Amino acid sequence: MKAITANRLIDGEVVFWKGGAWIEGFGDAQLFDEAQDAEVEAAVAAGKAQPTVVIDVYSIDLTPSAGRWAPVSYRERIRALGPTNEPTHGKQAVGGEVIEALRHADGAARSTGRVDLIRRK
């Protein structure tokens, strides 16, 4: 499965593609399966055609987590949850099934193979 993400230019908010529009909640994002590669490319192209609305449009890979979907990449999980400075800020403050699935997703960023970004000694 895949989803489309970008950053909204007016405020820098992480947004997700849903049926031709940008939304803030990862749980409401439009999901694409492997057979929909053409639709993913079309959605990314449509997003990139909105240079005054969003920037850095790309697709992200998803993995099953707690009966929901979560990004494979640790970076994308952080982006979907909101700022990491305090659990009561941003998108993670909303709570619910989607947030819990993101918090408990398994796996790590493919680029580094690490889950623990901050190592405590």
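Restricting to Cα pairs below 8 Å that are 6+ residues apart, what does the relative contact order work out to for region 2-103? Please round to a whole percent.
25
Once you sort the root eigenvalues of the Cα gyration tensor of region 2-103 as a ≥ b ≥ c, which label holds: rounded (a/c under 1.5), prolate (a/b larger than b/c) or oblate (the other case)?
Note, shape of region 2-103 comes out oblate.
Among V40, P71, V14, which residue has its Cα furthest toward the positive end of the charge dipole of region 2-103, with +1 on Lys/Arg Cβ and -1 on Asp/Glu Cβ?
Towards the positive end, the residue furthest out is V14.
Which trypsin sites (Lys or Arg not before Pro) does region 1-104 hold that lie in a coil by DSSP with at most 10 other beta carbons within 10 Å?
none
Multiplying the sequence separation of I10 and R103 by 0.36 nm and subtracting their Cα-Cα distance, what value in nm do you get?
30.7 nm
What is the gain in length, in nm to one decimal, between Q36 and I55 on full extension, counting 0.36 nm per residue of separation less the C-alpha to C-alpha distance?
4.6 nm
No lab work stands behind these numbers, since they all come straight from the coordinates. Since the structure is predicted, the reported quantities are computational estimates derived from the model, not experimental observations. Reconstructed Cβ throughout: ideal geometry from the backbone, glycine too, with neighbour counts over all protein chains shown.
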